[in-house]
Amino acid sequence: MDIDEVITLVKSFDGAAAFTVSEGDGSPELAWGDTFFYYAPNGKMPQATQPFATIVTKNYPEDARSRLDRPGIFRVNIAAGRSAFESYTAAQAFETNDDAGRLDVVMAHPVYGSLGWLCVLNPGQRTSAATGELLREAYDLARKRYERRNG
């Protein structure tokens, strides 16, 4: 999967929205070029809600372990819930995971893993299907939260 395929997949979920931030939209410069996914049936980026998934294309301060500064590397970050997180990380001790820069592997997010976030760098043959399933799970959780909050 490339970035466009991830975006197209998520946008196919009813009410899901993808926002790729850029200069002039009020987002911080550091985030320009990154994509944020929300359940947003009105098509507007929510202001008081965390995204259910993101695509980042560069290192952030205190988040360089994935080595996103390599050419062509991007990371899909997914909040797919505690059950999915535990399922995918049961065999991994992410506290001792020294290589958060591995490609095509579902793993705990190097910074937000303790909050239940998973990630995949450049989903490929091994992880494209799992990445799609995890994005769907994250979307479903976000939709359910939205529906609870908005009656």
*Would the range 42-54 turn up any residue that is surrounded by fewer than 17 Cβ atoms within 10 Å (Cβ to Cβ) and closer than 18 Å to Pro123 by Cβ?*
no
*Assuming Leu30 fulfils every condition listed in (1) modelled with pLDDT of 95 or more; (2) of a type in the set (A, V, I, L, M); (3) farther than 16 Å from Ala130 by Cα; (4) outside any loop (DSSP other than H, G, I, E, B) apart from one, which condition is it?*
(1)
_Unmet requirement for Ser83, which otherwise passes all of (1) in contact (Cβ under 8 Å) with a residue 12 or more places away in the chain; (2) surrounded by fewer than 20 Cβ atoms within 10 Å (Cβ to Cβ); (3) hydroxyl-bearing (Ser, Thr, Tyr); (4) under 22 Å from Thr49 (Cα atoms)_ = (1)
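Limited to the range 18-41, what total is found for residues that are within 17 Å of Tyr146 (Cβ to Cβ) and either in contact with a Lys or Arg (Cβ under 7 Å, 6 or more places away or on another chain) or of a type in the set (Asp, Glu) (or both)? Write out each step before concluding.
As a first pass, look at the range 18-41 and keep what is within 17 Å of Tyr146 (Cβ to Cβ): 18-19, 36-41.
Subsequent filtering for residues that are either in contact with a Lys or Arg (Cβ under 7 Å, 6 or more places away or on another chain) or of a type in the set (Asp, Glu) (or both) retains 18, 39.
Matching residues across the range 18-41 total 2.
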*asked:* Any residue at all in the range 105-125 that's in a loop (DSSP other than H, G, I, E, B) and over 20 Å from Phe52 (Cα atoms)?
replied: yes
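Tally the residues that are assigned to a strand (DSSP E or B) and small (Gly, Ala, Ser), restricting the search to the range 12-27. Step through it out loud before you land on a result.
First pass over the range 12-27, keeping only residues assigned to a strand (DSSP E or B): 16-20.
Filter once more, so that each one left must be small (Gly, Ala, Ser): 16-18.
Adding up the residues that qualify gives 3.
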*State yes or no: is Leu9 over 19 Å from Ser128 (Cα atoms) and outside any loop (DSSP other than H, G, I, E, B)?*
no
*Does Asn59 satisfy being farther than 16 Å from Thr127 by Cα and not hydrophobic (A, V, I, L, M, F, W, C)?*
yes
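Yes or no, residue by residue, for (1) under 16 Å from the mean Cα position of the chain (by Cα); (2) of a type in the set (D, E, K, R); (3) modelled with pLDDT of 95 or more:
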{"position": "Asp14", "(1), (2), (3)": "no, yes, yes"}
{"position": "Asp25", "(1), (2), (3)": "no, yes, no"}
{"position": "Tyr38", "(1), (2), (3)": "yes, no, yes"}
{"position": "Thr57", "(1), (2), (3)": "yes, no, yes"}
{"position": "Pro61", "(1), (2), (3)": "no, no, no"}
*Have a look at Glu147, Glu137 and point out the one that is assigned to a helix (DSSP H, G or I), of a type in the set (Asp, Glu) and either surrounded by fewer than 13 Cβ atoms within 10 Å (Cβ to Cβ) or more than 15 Å from the chain's Cα centre (by Cα) (or both).*
Glu147
*Quick one: is Arg75 in contact with a His (Cβ under 9 Å, 6 or more places away or on another chain) and either of a type in the set (Gly, Ala, Ser) or over 30 Å from Asn150 (Cβ atoms) (or both)?*
yes
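The values are calculated or read from the model by the stated rules, or taken from the named source; none is laboratory data. Small disclaimer: the values here were computed from a predicted structure and weren't measured. With ideal geometry, Cβ positions are generated from the backbone for all residues, glycine too; neighbour counts draw on all protein chains shown.
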